[in-house]
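Reviewing the structure listed below.
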Amino acid sequence: MREGALKIFRPEERDRLRSELLDHAAADGRIGGAAITGSAAEGSEDRWSDIDLAFAVRSGPDLLEVVDDWTKRMYDRYHALHHLDMSFGPWLYRVFLLPGTLQVDLAFVPAAEFRALGPSFRLVFGESNEPRHAPPPQGESLIGMAWLYALHARTSIARGRLWQAEYMIAGVRNHALALACVRLGLPAVHARGADLLPSEITAQFERSLVKRLDLAELKRAFGVALLALMNEIQASDERLAEKQTPAITMLRESS
């Protein structure tokens with residue numbers, strides 16, 4: 001690395017920044033509560049973990065004005081490079097990319113809705129409402145998304161759209177992996193539980209990885225992904241498996 005180049009963040013820098021943000025929240029009269037979320041709240045933080053904080057915004061102040069003020073601070077004081085927003089019910093998550101590739105997730109919600117949405121929630125100050133854990137993805141919904149990706153994978157292969165086909169095959173595989181996670185009681189969102197799946201399950205999905213971008217390889221990988229999907233549907237929901245197996249078999253034979 002050349003002299004003066006950016007360096008990847010150090011854990012002690014991350015910890016110091018998290019403390020500074022919590023101190024600033026405690027001094028901000030509009031913030032009525034704060035919690036550490038994510039891996040740090042569960043005691044599973046490692047060298048690559050990001051910062052996850054949740055804030056309760058008191059009644060009266062405009063939530064978006066509070067978020068914008070915090071955003072200005074993240075840019076002015078901590079030199080944020082970019083940010084994006086995600087919403088979940090009344091929650092607004094503003095996610096920042098900082099120099100050194102540190103990710104900082106700041107979640108804001110009206111105080112009346114400030115509560116744990118999952119097990120990774122450690123209150124730092126203020127009061128929280130009764131927990132309301134978000135339910136895991138439903139197996140039937142994952143199955144539906146998997147066959148939707150499968151239909152588009154078949155069409156992309158038939159049209160010779162190689163990159164689109166690869167994308168769709170990955171969608172089949174990812175939703176089937178999530179289905180396996182749900183079935184075994186593992187975290188299913190963003191493949192958080194995929195590395196905890198038994199090897200006999202992951203082996204079938206590994207064979208569905210596309211090794212090169214040509215039609216023969218795409219057809220091979222697609223066929224393997226469909227077989228793995230059928231196995232997971234059978235293990236998760238025999239009723240749906242009985243209905244869908246003929247159609248999925250047809251997809252394999254027609255690709």
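Every number here is computed from the coordinates shown, using simple stated rules; none is lab data. It should be emphasised that the depicted structure is a prediction, and the values quoted were computed from it without experimental measurement. Please note: Cβ atoms are built from the backbone with ideal geometry, for glycine as well, and neighbour counts cover all protein chains shown.
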Against the longest principal axis of the chain, how steep is helix 162-183, in degrees 0 to 90 to the nearest 10, with axes from Cα atoms?
-> 70 degrees
What residue among PRO137, PRO198, PRO187 shows peak mean-square fluctuation when the chain is described by a Gaussian network model with Cα springs under 10 Å?
-> PRO198
With everything on Cα atoms, drop me the angle between helix 215-236 and the longest principal axis of the chain, reported from 0 to 90° to the nearest 10.
-> 80 degrees
Simple spin-label estimate for SER59 and ALA112 in nanometres, 7 Å along Cα-Cβ = 0.6 nm
Within 10 Å, count the other beta carbons around each residue, average over each peptide in 29-37, 51-59, 85-93, and list them highest first.
-> 51-59, 29-37, 85-93
Can you give the extra length, in nm with one decimal, that the chain gains between ARG239 and ARG77 once fully stretched, where that is 0.36 nm per residue apart less the Cα-Cα distance?
-> 52.7 nm
For segment 11-125, give the share of DSSP beta bridges that are antiparallel, in percent and rounded to the nearest 5; count only bridges with both residues there.
-> 75 percent
Degrees separating the helix 139-158 axis from the principal Cα axis of the chain, which is the longest one = 60 degrees
Just how far, in whole angstrom, is segment 84-160 from segment 20-39 if you go by their alpha carbon centroids?
-> 21 Å
How much length is gained on full extension from ARG132 to ASP46, taking 0.36 nm per residue of separation minus their Cα-Cα distance?
-> 28.3 nm
Among all the aspartates and glutamates, which ones have a C-alpha under 18 Å from LYS219's C-alpha, if same-chain residues fewer than 8 places away are not counted?
-> GLU166, GLU206, GLU253
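Among DSSP beta bridges lying fully in the chain, give the percent that are antiparallel, nearest 5.
Working: 23 of 31 bridges.
Bridges in the chain that DSSP calls antiparallel: roughly 75 percent.
Which residues make up the longest stretch of the chain that has no GluC sites (Glu not before Pro) in a DSSP loop with at most 12 other Cβ atoms within 10 Å?
128-255
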Using a cut-off of under 15 Å, list every residue of segment 51-82 whose amide N is near the label point 7 Å from the Cα of ALA27 along the Cα-to-beta-carbon line.
-> 70, 73-74, 77-78
Extension reserve of the ALA216-LEU151 stretch, reckoned as 0.36 nm per residue once the Cα distance is removed = 21.6 nm
